[in-house]
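Here, each number is a calculation from the coordinates, and none is a lab measurement. A quick note: this is a predicted structure, and the numbers were derived from the prediction, not measured. Cβ placement follows ideal geometry from the backbone for every residue including glycine, while neighbour counts extend to all protein chains displayed.
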Amino acid sequence: MNMSSLPAGFAALALIAAALIAPASQAADTPPATTGDSCIALSEDQQIVRAGADRDVLLRNGDQHYRVIFTASCNSAVTSRRLAFETQGESNQLCGGSRSVLKTDRASCTVERIEPLEAATFQRMARQRSR
């Protein structure tokens, strides 16, 4: 066996192994696919960040993070004391595709779509809105 081809063989093997491992680690950091028309079961462990936003809110549902976008301006979301998502009269469920609404003290705002966020992106956006 040629000794000079041995290091090249190991290098090729290492590159192949790295290529196989990389997609698995990237998948863990990637949020779920866009939820456009799909639904999310809401837990009691949730946070809605609405400061400075009338077109969308940020939602943390357990360890999942989302940007919830409305079909139109939702000024009442900024000042309301009560916020709750509702889908066709059912609470604790949030769907895109204009099937859900955000109920506020004095209005309802239709949810156009739901975009998944990574936790770090959610935290950064929430900090920016609180300034």
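Being surrounded by fewer than 17 Cβ atoms within 10 Å (Cβ to Cβ) and part of a strand (DSSP E or B), is that true of even one residue in the range 49-63? Full working, then the answer.
Filtering the range 49-63 for residues surrounded by fewer than 17 Cβ atoms within 10 Å (Cβ to Cβ) gives 51-52, 54-55, 62-63.
From what is left, the residues that are part of a strand (DSSP E or B) are none.
Checking the range 49-63: not a single residue is surrounded by fewer than 17 Cβ atoms within 10 Å (Cβ to Cβ) and part of a strand (DSSP E or B).
So which residues in the range 77-102 are more than 19 Å from Glu118 (Cβ to Cβ) and in contact with a Cys (Cβ under 7 Å, 6 or more places away or on another chain), if there are any at all?
Restricting attention to the range 77-102, the residues satisfying the condition of being more than 19 Å from Glu118 (Cβ to Cβ) are 77-93, 95, 97-102.
Those that are more than 19 Å from Glu118 (Cβ to Cβ) and in contact with a Cys (Cβ under 7 Å, 6 or more places away or on another chain): Ala77, Thr87, Gln93, Cys95, Val101, Leu102.
Report whether or not Val111 is without any contact (Cβ under 8 Å) to a residue 40 or more places away in the chain, over 13 Å from Arg50 (Cβ atoms), β-branched (Val, Ile, Thr) and part of a strand (DSSP E or B). Walk me through it before giving the result.
Working: without any contact (Cβ under 8 Å) to a residue 40 or more places away in the chain: no; over 13 Å from Arg50 (Cβ atoms): yes; β-branched (Val, Ile, Thr): yes; part of a strand (DSSP E or B): yes.
When the stated conditions are applied, Val111 does not pass them.
Can you report the number of residues in the range 82-96 which are part of a loop (DSSP other than H, G, I, E, B) and under 22 Å from Phe122 (Cα atoms)? Spell out the reasoning first.
At the first step, the residues of the range 82-96 found to be part of a loop (DSSP other than H, G, I, E, B) are 82-83, 88-89, 92, 96.
When the remaining residues are screened for being under 22 Å from Phe122 (Cα atoms), the result is 82-83, 92, 96.
Total meeting the criteria: 4.
Any residue at all in the range 117-126 that's touching a His at 6+ places or on another chain (Cβ under 9 Å) and among the polar types (S, T, N, Q)?
Yes, the conditions are met somewhere in the range 117-126.
Could you count how many residues in the range 75-104 are more than 15 Å from Ile40 (Cα to Cα) and surrounded by 16 or more Cβ atoms within 10 Å (Cβ to Cβ)?
Adding up the residues that qualify gives 6.
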